[in-house]
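Trainee: After the structure tokens below, expect a handful of questions from me.
The values are calculated or read from the model by the stated rules, or taken from the named source; none is laboratory data. Since this is a predicted model, take the numbers as computed values, not measurements. Here the Cβ positions follow ideal geometry from the backbone for every residue, glycine too, while neighbour counts run over all protein chains shown. These area figures cover heavy atoms from the full protein model, side chains too; ligands, DNA and RNA do not enter into them. Shrake-Rupley method; radii C 1.70, N 1.55, O 1.52, S 1.80 Å.
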Amino acid sequence: MKINKEYISTNRDFINGITIEKIEVDSIGIENYPTKYTVIYRASCHIQHPENKPPNPPDKIFFGKKGKYSWTEEFVETEFVHRGLSRYTTDSTYNSPWRPLSESHEVCPLEFQSEQWYFITIGHPSVTGVFFYIDKSGKEHQYFLPSGVSPI
């Protein structure tokens, strides 16, 4: 998997889309990525699957270009804690299907900022997510977190 400010790519197709969470960090663990944080915003990419045809999801999603996907966004305030390979929240409304979604966007409504942490999920059972950070000098860092589930 590769993430930068322009796109995310993987050798696993993005059949379930992705979600990018902008986070406020409370603490950093010994692995140098956040272990306790609050999600303040999230943008979700929804893959457009053709009707009556097998899915043909992209292996690269561009943030600033149109593609076979659309985006929604929402402002949230949900605390998370990472323990081992998993993350937990006590907020039962975080993944609630009853939350209203924003209007659809053709490109990602989020713009990556320097000195800001993000958590990206790709909807694949073998991946918990990826922490993404851009430092003061503009260098991009990513911390891949496997879920511990073996892909089949």
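Trainee: Would you check if there is a residue in the range 8-21 being at pLDDT 90 or above, hydroxyl-bearing (Ser, Thr, Tyr) and more than 19 Å from Gln142 (Cβ to Cβ)?
Mentor: No - not one qualifying residue is present in the range 8-21.
Trainee: Which one is farthest from Glu73 (Cα to Cα) among residues in the range 110-134 that are open to solvent by 30 Å² or more (accessible area, probe 1.4 Å) and either touching an Asp or Glu at 6+ places or on another chain (Cβ under 7 Å) or assigned to a loop (DSSP other than H, G, I, E, B) (or both)?
Mentor: My answer is Pro125.
Residue-wise test of (1) hydrophobic (A, V, I, L, M, F, W, C); (2) in contact with a Pro (Cβ under 6 Å, 6 or more places away or on another chain).
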residue	(1), (2)
Asn11	no, no
Ile15	yes, yes
Ile23	yes, no
Asp26	no, no
Ile30	yes, no
Tyr37	no, no
His46	no, no
Pro50	no, no
Pro57	no, no
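Trainee: Same structure again: Restricting to the range 3-47, count the residues that are of a type outside the set (Asp, Glu), open to solvent by 50 Å² or more (accessible area, probe 1.4 Å), farther than 29 Å from Tyr69 by Cα and part of a loop (DSSP other than H, G, I, E, B).
Mentor: 2
Trainee: Determine which single condition Glu77 fails, assuming it passes every other condition in (1) touching a His at 6+ places or on another chain (Cβ under 9 Å); (2) over 20 Å from Asn16 (Cβ atoms).
Mentor: (1)
Trainee: Something else: Of Pro58, Pro50, which residue is touching a residue at least 40 places away in the same chain (Cβ under 8 Å), open to solvent by less than 70 Å² (accessible area, probe 1.4 Å) and not aliphatic (A, V, I, L, M)?
Mentor: Numbers: Pro50 fails: touching a residue at least 40 places away in the same chain (Cβ under 8 Å).
Only one candidate passes the filter, namely Pro58.
Trainee: Looking at the range 52-105, which of its residues are among the aromatic types (Phe, Trp, Tyr) and at pLDDT 80 or above? Before the answer, list the steps.
Mentor: Of the range 52-105, the ones among the aromatic types (Phe, Trp, Tyr) are 62-63, 69, 71, 75, 80, 88, 94, 98.
Passing the criteria: Phe62, Phe63, Tyr69, Trp71, Phe75, Phe80, Tyr88.
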